[in-house]
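> One structure, as structure tokens, below. Some questions next.
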Amino acid sequence: MSVLVIAEHDNASLRGATFNTVTAAGQCSGDVHVLVAGHDAMQAARQAALIQGVAKVLHADAPGFEHGLAETLAAQILALARNYSHILFPATAWGKNIAPRVAAKLDVAQISDIIKVRSPDTFERPIYAGNAIVTVQSGDAIKVITVRTTGFDPAAASVSTAPIETVTAVADSGISSFVGSEIAKNDRPELTAAKIIVSGGRGMGSSGQFDAVLTPLADKLGAALGASRAAVDAGYAPNDWQVGQTGKIVAPQLYVACGISGAIQHLAGMKDSKVIVAINKDAEAPIFGVADYGLEADLFVAVPELVKAL
Amino acid sequence: MKALVCVKRVVDYNVKVRVKSDGSGVDIAHLKMSMNPFDEIAVEEAVRLREKGSVTEVIAVSCGVAQCQETLRTALAIGADRAILVETSEELQPLAVAKLLKALFDKERPGLVILGKQAIDDDCNQTGQMLAALADLPQATFASKVEIVDGKARVTREVDGGLETLSLNLPVVITTDLRLNEPRYVTLPNIMKAKKKPLAVLKPADLGVDVTPRIKTLETRDPPKRGAGIKVPDVATLVAKLKNEAKVI
């Protein structure tokens, strides 16, 4: 049986997490097919056809898919689901929204946030904010899975292109509709795809200082900006910057934690980073326990100094 | 319009769990248990909607062991009007909970079901979406603002990169994100009042639901440990290490 990957995209191009999900799919079984359900999304479908390991792209196009509403997208996936042994979504806000809807309709359990494929029915996933890793086995005929992107490398581009098959789009559910969105526009890399992340915690003191101190460092490093839950709760940073158990899970090449104490919930979101730097004036802060390089200093002095030294 | 709000009893947010040495699971005996933080936000939101007049009655539901009654009493102390416990000692996975909630949804016919987006023990993030699917309802997950206007729910959601707003038919399933509200402190008089509020106990069989787990846990182990790093004395050393040793900048 084949594996179906549900592509996350903005109708023009695929989101990074889709590539990691294809890698996980390749380890499950059989051929990997990718569903691109969107509105005027041919460009995204063509991009999916050029991912290494993809045997076929299914392209469903309708205005109802434009904003990725869970009710309509889940119906589209269900129309195809019976042909597959596995259905994989990226474990992003988008994927997490839709996957359980598909699983419940198929009357199968969902396996969330897998970090490893042990065999076609056995997977590893973290629980308790990553404080334990469980190996779980599913007895269901169709495995509905969300893939933690930090557990799998992104699939590379292929030289040959896979066929794109048009599938009939389902009707709009009519029970929900998109009103509007406020998506912050900036030139920074996406948090979950960034090679370097500069992250601030409660120690930043205010939203003004968060911006004044960390933005120059992020600019210098070409980094994405992140935050701890404490900083988000205090209103220093927007919620979608939140790194941790209930926010984003990241694993960049370099993670610079400034004024972050290192609660287990935060560590859960960044401890797979290749190199961790912690700047904190509290020598006892737990963040130093996971940092490769710890600098015990006042961040308001050290960070500007770091910007100058780079 | 009734609101159904679902609460889970979990190991307290501030407690670090330990993996049992034989790999058979996580040792949660004798640990402090609390209401899942996202569910507390759900209860608060339902109570606020009642205070605003959008909702007439708030029913708190929990599924699990007998001690979940304590969690329900907390929900009643926050302001829920009555509570239902679906009691079982069986391990409950999200699909089973969603089926139990679907059965209660059919019984109570609420206009609104509010749940936390994720429980901080199994970190599944499934139950709300599954309930919405089983009951054929629209869903608004990761909510940061909820309004009931002209017979519809208008919900602002936390999505990657920012916020989006949806308009949804009622009944609707909503799951909460952090910024939706800040739950009130429970006062002693309200704890006393909560003891007198009705709490019904049912069994999964009363609702005709098979809760047998579908996923088998083969092994539980500690996550890989990170090697201890070093402390650097100053910024210059840090930059030198990052350039020459780690080679990440």
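Bear in mind that the values in this text are calculations on the coordinates, not laboratory data. Everything numeric in this text was worked out from a predicted model, so none of it was measured. Ideal geometry is used to build each Cβ from the backbone, glycine not excepted, and the neighbour counts take in all protein chains shown.
> Hey, can you grab everything whose amide H is under 5 Å from the amide H of A:Asp40? Only 5+ residues off in sequence or another chain; H modelled, so Pro and N-termini drop out.
For A:Asp40, whose amide H was placed from the backbone, the distant partners under 5 Å are A:Ala62.
> Moving on. Using only Cα atoms, locate the centre of segment A:41-71 and the centre of segment A:215-270, then give the distance between them in Å, rounded to an integer.
First find each Cα centre; the distance between them is then 31 Å.
> Shielding by partners for A:88-101, please: the mean number of other protein chain Cβ atoms within 10 Å of each residue's Cβ.
Averaged over the peptide's residues, the number is 5.
> May I pose another question? Which distance in nm do the two modelled labels at B:Glu70 and B:Leu188 give, with both placed 7 Å along the Cα-to-Cβ direction?
2.0
> Using only the alpha carbon atoms of chain B, find the Kirkwood hydrodynamic radius as the inverse mean reciprocal pair distance, in angstroms to one decimal.
Every distinct Cα pair counted, the radius reaches 19.8 Å.
> Now for a separate question. What shape does segment A:1-90 have by the C-alpha gyration tensor, where a ≥ b ≥ c are the square roots of the eigenvalues, rounded means a/c under 1.5, and otherwise prolate means a/b greater than b/c and oblate the rest?
Details: a/c = 1.85, a/b = 1.29, b/c = 1.44.
Oblate.
> Same structure, new question: As a check on your grasp of the helix formula, calculate [θ] at 222 nm for chain B: sum -39500 (n - 2.57) over DSSP H runs of n ≥ 4, divide by the residue count, round to the nearest 500.
-8000 deg cm²/dmol
> A follow-up question, please. Any idea what the relative contact order of segment B:134-249 is, in percent, if you count C-alpha pairs under 8 Å spaced at least 6 apart? Mind showing how you got there, number by number?
Values: 103 pairs, mean separation 20.4, N = 116.
Relative CO of segment B:134-249 lands at 18 percent.
> Sticking with this structure for a sec: Roughly what would the spin-label model give for A:Asp172 and B:Asn244, points 7 Å off Cα along C-beta, in nm?
6.3
> Based on the Cβ-Cβ distance from A:Gln43 to A:Ser158, what FRET efficiency comes out when R0 is 22 Å, to the nearest 0.05?
Between A:Gln43 and A:Ser158 the formula returns 0.85.
> Next question. How shielded is B:217-225 by partner chains, expressed as the average number of their Cβ atoms within 10 Å of its Cβ atoms? Could you put the intermediate results ahead of the total?
On the way: counts 6, 7, 8, 7, 5, 3, 12, 3, 3.
Whole-number average of other-chain Cβ neighbours for B:217-225 is 6.
> Residues of A:120-130, mean number of Cβ from any other protein chain within 10 Å of their own Cβ, rounded to a whole number?
5
> Radius of gyration and Dmax for segment A:59-185's Cα atoms, expressed in Å?
In Å, with Rg to one decimal and Dmax whole: 16.3, 44.
> Just check segment A:176-284 against the gyration tensor rule for me: Cα atoms, a ≥ b ≥ c as the square roots of the eigenvalues, rounded for a/c under 1.5, and otherwise prolate or oblate depending on whether a/b exceeds b/c.
Values: a/c = 1.41, a/b = 1.38, b/c = 1.02.
Rounded is the answer for segment A:176-284, as its axis ratio a/c remains below 1.5.
> Which of these, A:Gly174, A:Gly262, A:Gly16, has the largest mean-square fluctuation under a Gaussian network model of chain A (Cα springs below 10 Å)?
A:Gly174
> Rounded, prolate or oblate: which fits segment B:125-209, taking a ≥ b ≥ c as square roots of the Cα gyration tensor eigenvalues, rounded meaning a/c under 1.5, else prolate when a/b beats b/c?
Numbers: a/c = 2.09, a/b = 1.27, b/c = 1.64.
Note, shape of segment B:125-209 comes out oblate.
> Determine the calculated [θ] at 222 nm for chain A from helices alone, applying -39500 (n - 2.57) to every DSSP H run no shorter than 4 residues and normalising by the residue count; nearest 500 deg cm²/dmol.
Details: 8 runs with 81 residues, N = 310.
My calculation for chain A gives -7500 deg cm²/dmol from helical runs alone.
> Moving on to the next point. Mind scanning A:Lys185/B:Lys243; A:Lys96/A:Lys116; A:Lys56/A:Lys116; A:Lys56/A:Lys143; A:Lys271/B:Lys16 and naming the pairs with a C-alpha gap bigger than 26 Å? Could you put the intermediate results ahead of the total?
Details: A:Lys185/B:Lys243 31 Å; A:Lys96/A:Lys116 18 Å; A:Lys56/A:Lys116 24 Å; A:Lys56/A:Lys143 20 Å; A:Lys271/B:Lys16 16 Å.
Those over the limit are A:Lys185/B:Lys243.
> May I pose another question? Treating the angle as unsigned and between 0 and 90°, give the value, to the nearest 10°, between the Cα long axis of helix A:70-81 and the longest Cα principal axis of chain A.
Result, in degrees: 50.
> Calculate one ³J(HN,Hα) per residue across segment A:16-29 by plugging θ = phi - 60° into the Karplus curve 6.51 cos²θ - 1.76 cosθ + 1.60, and present them in order as whole Hz with x for glycine and proline.
Working through the residues one at a time gives x, 4, 4, 5, 5, 5, 4, 4, 4, 4, x, 8, 7, 3 Hz.
> Continuing with the same structure: Which of A:Ala193, A:Ala62, A:Ala223 moves the most in a Gaussian network model of chain A with Cα springs under 10 Å?
A:Ala62
> Specify which residue in the list A:Pro126, A:Ile77, A:Leu106 is farthest towards the positive end of the charge dipole of segment A:54-141, using unit charges on the beta carbon of Lys, Arg (+1) and Asp, Glu (-1), about the Cα centre.
Farthest along the dipole direction, towards plus: A:Pro126.
> Ranked from highest to lowest mean number of other Cβ atoms within 10 Å per residue, what is the order of the peptides A:21-34, B:188-201?
So the order, starting with the most tightly packed, is A:21-34, B:188-201.
> Now for a separate question. Only Cα pairs within less than 10 Å get springs; with that Gaussian network setup on chain A, which residue of A:Val36, A:Val179, A:Val170 has the largest fluctuation?
A:Val179
> May I pose another question? For helix B:68-78, what angle does its Cα long axis make with the longest principal axis of chain B, in degrees from 0 to 90 and rounded to 10?
Roughly 80 degrees, rounded to the nearest 10.
> Given segment B:97-239, what percent of its DSSP beta bridges are antiparallel, to the nearest 5?
Roughly 65 percent of the beta bridges in segment B:97-239 run antiparallel, per DSSP.
> Report, in whole Å, the centroid distance computed from the Cα atoms of segment B:155-179 and segment A:86-161.
Measuring centre to centre over Cα atoms gives 23 Å.
> Which whole-number value in Å³ per residue fits the convex hull of the alpha carbons of segment A:231-303?
87
> Another one. With viscosity set to 1.002 mPa s at 20 °C, what whole-number translational diffusion coefficient in µm²/s follows for the protein assembly as shown from Stokes-Einstein and a Kirkwood radius over Cα pairs?
Calculated translational D: 89 µm²/s.
> Now for a separate question. Would you mind calculating the relative contact order of segment B:83-183 from Cα pairs under 8 angstrom and at least 6 residues apart, reporting the percent as a whole number?
RCO, segment B:83-183: 28 percent.
> Using only the Cα atoms of segment A:103-254, what semi-axes does the equivalent ellipsoid have when each is the square root of 5 times a gyration tensor eigenvalue? Give whole Å, largest first.
Over the Cα atoms of segment A:103-254, the ellipsoid semi-axes are 34, 22, 19 Å.
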